[in-house]
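The values are calculated or read from the model by the stated rules, or taken from the named source; none is laboratory data. All values derive from a computational prediction rather than experimental measurement. Note: ideal-geometry Cβ built from the backbone for every residue, glycine included; neighbour counts use all protein chains shown. All accessible areas refer to the heavy atoms of the entire protein, side chains included, with ligands and DNA or RNA removed. Shrake-Rupley method; radii C 1.70, N 1.55, O 1.52, S 1.80 Å.
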Amino acid sequence: MTGIITRTRNAFRAFTRAFSGYDITGGSGRWPAAYALHAPITQQLAAGRLASRKISHQSENNSLIASIIQHAVTAIVADGPTVRAAHPDADINANLQRAWNSFFQDCSVEGGTSLGGYLSRVARGFYVDGESFTQLVTDPVTMQLKLRILTADQVDSAKTIPSLGMTGDMPMIVAGVEFDATGRRVAFWVLPTPPDSPWASVEPPVRISALDICHVVEPHFPGVPRGISPLTAVAPLAMELDNCIDAAVVKLRTTCLVGMVVRDPNGEMAFDESTDPASLYLEPGATLRLPPGADVSFPPTSEMNTVPEVLSHIERLISAGAGVPAFMATGDFGAINYSAGKLGLATFQRRVKAIQQNHIVAQLLNPIWDRIVLLEVLSGRMRAPDFESHPERYAATFLFPGWPAIDELKKAKADTLAVAAKLRSRQEIISEGGRDPADVDAEIEADPFAADDLSASAGGIASQNETENENA
């Protein structure tokens, strides 16, 4: 019976492909049978951990992948974000700021790690594993928040228990992630120690509430509970790049060797002690004398003029797939001009900002801030009479360090003109640089050298053209 059903299904699929009218269905035979994701969720769960291990190896051995990860992590995190509390009471804001500053300096359970360094580990896990897990731990003595980073393998991907729809109270567990009847994540099943550590425990996974686990992930398909590295698509090409470079190096070494063929068309060459074939070799500055009629030829060597172009093209493909400008990943700044570099950086900055806000802030920093505020209130360190009635007042905005301008003068002129034309505000421009406008205003107010005519001077500078600036 099973065989009949299988043959019927295959026949129906073949009929669909043959009469669909679209080449993409495979009717022409150009498409390989395996060139399709028939079950994206299942296939991603099966490939995610293996992809993580391979990309982890490349991150330590492939120079281009290591450069891509390094530049992406640095761009996303830099030295860490600053926070701007939204509460209208200045005293409460000051208390929250002090609590945040204390947490920022030492946030990890291991100790000695600032939040900037911790977020770098999170961002690196996002690129290597496709996800990062953080456990929120409360110190029972100080009632302060500490963070424990979990490896992707610690969330037991083998822990899968389907609910089968038999009861509404029975949870469904997929790859270590537990869902309730409504599809909401309620818990994670975590191994006590990383499976690859020398002291790995053999204890079964422990259920930890989703309120205490922050999962930084970018799902590629609806319903996928786990992540996969964004470098998965370019990892095979990166491996081929290594093979090409190795082959090119071998070719260079082979080309440096001098091979010679001595021919005697008339067969009159007499070998003696001075013309022993074993002693015929070339060296710099040497003169080799052969008998009359002997001919010397060298084996042809293939040209390598196109090898740099091929390698550069592969590097550009890998960088484009990873979302990092090729000139930044390869360090080849001589191949671009100002406009191309600015366009490439603008695209990269948009991607970085998306990761910062959609994943780092939404999935990690907001839960961390909420837990810090809650602990400050529950411990009595901060008086918050409106905490329950107006929880929105205890939200926060996170400001990441801004990007340095390629041309400082052009950037300053553009900002000045935009503010003068009322197209942008000072607050927006200052926030782009990762600073709190209130702090900037306070610093300007306290600066004894701040003059009232600075705005007029700035307006005069903005009205200058490039020729005047160059002459000055």
Problem set entry | Tail weight of P(r) past 16 Å, computed on alpha-carbon pairs of region 26-86, percent | 70 percent
For this session: Could you sort 417-424, 204-211, 133-140, 224-231 so that the peptide with the highest average Cβ count within 10 Å comes first and the rest follow in order?
Result: 224-231, 133-140, 204-211, 417-424
Seminar exercise, completed: The Cα radius of gyration of region 75-158, divided by 2.2 N^0.38 Å with N its residue count, comes to 1.25
Exercise. So, by mean Cβ neighbours within 10 angstrom, what's the order for 332-341, 428-437, 189-198 with the highest one leading?
Worked result: 428-437, 189-198, 332-341
Problem set entry | Å³ per residue enclosed by the Cα convex hull of region 58-107 | 87 Å³
Exercise. Per residue, how many Å² of accessible area does region 108-150 show with a 1.4 Å probe?
Worked result: 35 Å²
Problem set entry | Distance histogram for region 352-421 (every C-alpha pair counted, 5 angstrom bins, percent rounded to whole numbers) | 3, 13, 15, 14, 12, 12, 10, 9, 8, 4, 0
For this session: Find the all-direction average of the projected area of the Cα convex hull for region 346-387, expressing the result in square nanometres with one decimal place.
Result: 3.7 nm²
Exercise. Mean projection of the alpha-carbon convex hull of region 92-204 over all orientations, in nm²?
Worked result: 10.1 nm²
Problem set entry | Compactness index (Cα Rg / 2.2 N^0.38 Å), region 17-132 | 1.72
Exercise. Mind checking the alpha-carbon convex hull of region 316-356 and giving the volume per residue in Å³?
Worked result: 60 Å³
For this session: Under a cut-off of 20 Å between alpha-carbon atoms, report the lysines in cross-link reach of Lys342, not counting same-chain residues fewer than 8 places apart.
Result: Lys353, Lys410, Lys411, Lys413
Exercise. Tell me, what is the per residue accessible area of region 196-244 in Å², probe radius 1.4 Å?
Worked result: 53 Å²
Exercise. Carbon and sulfur atoms: what percent of the 1.4 Å accessible area of region 154-243 do they account for?
Worked result: 63 percent
Problem set entry | As computed over region 176-241, the Cα convex hull volume per residue (Å³) | 125 Å³
